[in-house]
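Reviewing the structure listed below.
The values are calculated or read from the model by the stated rules, or taken from the named source; none is laboratory data. A quick note: this is a predicted structure, and the numbers were derived from the prediction, not measured. As a convention, Cβ positions derive from the backbone with ideal geometry for all residues, glycine included, and neighbour counts pool all protein chains shown. Quick note on the areas: whole protein, heavy atoms, side chains included, nothing else; ligands and nucleic acids left out. Shrake-Rupley method; radii C 1.70, N 1.55, O 1.52, S 1.80 Å.
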Amino acid sequence: MEKSLIPFNKPYLTGKEVHFINDAVSTGKISGDGKYTRLCQDFFEKKYGFGKCLLTSSCTDALEMSAILANVGPGDEVIVPDYTFVSTANAFALRGAKLVFCDSRKDHPMMDEVLLEKLITSKTKAIVCVHYAGDACEMGTIRSLCDEHNLILIEDAAQAIDNYYTTKDGKNLPLGSIGDLATFSFHETKNIISGEGGMLVINDESMMDRAQIIWEKGTNRTAFFNGEVDKYGWVDLGSSFLPSDITAAFLWAQLNELLDIQAKRLALWNRYDSILRKGENELFKVNKTPAFSSCNAHMYYITIENLEKRKILINHLKEKGFHAVFHYLSLSQSKFINTYQEPLDTVNVNSEFFANSLLRLPLFVELSLSEVESIAKEIINFFTYVK
Ligand SMILES: *Cc1c(COP(=O)(O)O)cnc(C)c1O
């Protein structure tokens, strides 16, 4: 009999989404910047002490807003991780900047902060760090480098909702509160979702008014409605970055259950870890959350000795009824970038390693602990008997 496949991801619904959407619809104002948009933005500003928050249609949009806000253009360089989603880099390519790719750490897909200083030139305008798997980058080092060289720091916190960086003196700083700007995603594959959705956080006060204008298609609409200016017109670059209040109402239902969702994901994450960590050997390794990061259970991944083994394991798991996936090829080796700018003459070896060896396991709220146990045991079996 054909076994039904346990998917890699299944979007979780709290059950309150339609209720809040109905309410949004009944108010008669369903364009952007309505009641639910404000509720969601306030939630983040209060809970995490973020600067100004603006909901966007996606994290990609928030990154594109960041690139406009950072005044990045031709002749400027922006440092991004080599191992990341396309949008992290694409937002800056859209403005004509040159991209400089930082390799991953040997022990983690996140950018290796030790390599950054060598990549900074007189043309560098910004550093974009990605909290891969939700794990905090080494923000102490990265923040000081940006301050020292007068660079704008942008956190791509797409995967990093409700997570923290621990400073040397033991303080926990929420991810998204450390950069001048930070971007979040509520895509259906993330911990908290609205189908498509995202948010820009503006921690640098000098960028807040301009962010509002860019968000409102380059107009001073907000200042006009607040009575601060007497004409409403085109004052800057911008686009339609804001989501409708229907999307925000969906997100509000999710945010109301944030703690519960995080706790459920963490229990699953811990169950994977308790089994797989013991079974680790030279053929596969479990992921290692750095000591300076807490864990938000966004992703459980393992690394496998090589590409061929990974392919066989994916097929093996599929036969057993489990869908595991890999992602990200090094951006520096992508087809597009090598037509956009001078190709790199070296390969970022750690980024290549993760591109070839990383495997993400199913992790979603409705997955059961016993399903996690079956997947983890199947992986151990594979490396013990099948290989
Ligand atoms: C998911 C993701 C994005 C894109 O988010 P969207 O909301 O789909 O635009 C960007 N960067 C990283 C690191 C991501 O994981």
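Observations on the structure shown:
- Qualifying residue in the stretch 12-23 (condition: within 21 Å of the chain's Cα centre (by Cα) and in a loop (DSSP other than H, G, I, E, B)): yes
- Subset of the stretch 76-88 (residues that are near the ligand (Cβ under 10 Å from one of its atoms) and open to solvent by 10 Å² or more (accessible area, probe 1.4 Å)): PHE85, VAL86, SER87
- Qualifying residue in the stretch 125-139 (condition: within 20 Å of GLY176 (Cα to Cα), away from the ligand (no atom under 16 Å from the Cβ), outside any strand (DSSP E or B) and among the aromatic types (Phe, Trp, Tyr)): no
- Some residue of the stretch 359-374 being over 21 Å from ARG271 (Cβ atoms), open to solvent by 30 Å² or more (accessible area, probe 1.4 Å), in a helix (DSSP H, G or I) and without any contact (Cβ under 8 Å) to a residue 12 or more places away in the chain: no
- Filtering the stretch 91-119 to residues that are part of a loop (DSSP other than H, G, I, E, B), over 16 Å from LEU344 (Cα atoms) and aliphatic (A, V, I, L, M) leaves LEU94, MET110.
Per-residue answers, yes or no, for (1) open to solvent by 20 Å² or more (accessible area, probe 1.4 Å); (2) touching a Lys or Arg at 6+ places or on another chain (Cβ under 9 Å); (3) within 16 Å of the ligand (Cβ to nearest atom); (4) over 26 Å from ILE261 (Cα atoms):
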residue: LYS35; (1), (2), (3), (4): yes, yes, no, no
residue: GLU64; (1), (2), (3), (4): yes, yes, yes, yes
residue: ALA67; (1), (2), (3), (4): no, yes, yes, yes
residue: ALA91; (1), (2), (3), (4): no, no, yes, yes
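- Tallying residues that are more than 11 Å from the ligand (Cβ to nearest atom), farther than 19 Å from ALA91 by Cα, part of a loop (DSSP other than H, G, I, E, B) and more than 12 Å from the chain's Cα centre (by Cα) within the stretch 180-208 yields 2.
- Within the stretch 101-138, the set of residues being in contact with a helix residue (DSSP H, G or I) (Cβ under 9 Å, 6 or more places away or on another chain), aliphatic (A, V, I, L, M) and open to solvent by 20 Å² or more (accessible area, probe 1.4 Å) comprises VAL114, ILE120.
- A search for C-beta distances below 6 Å between a residue of the stretch 90-102 that is in contact (Cβ under 8 Å) with a residue 60 or more places away in the chain and any residue that is in a loop (DSSP other than H, G, I, E, B) and open to solvent by less than 10 Å² (accessible area, probe 1.4 Å), counting only pairs 6+ apart in sequence or on different chains, returns PHE101/ASP82.
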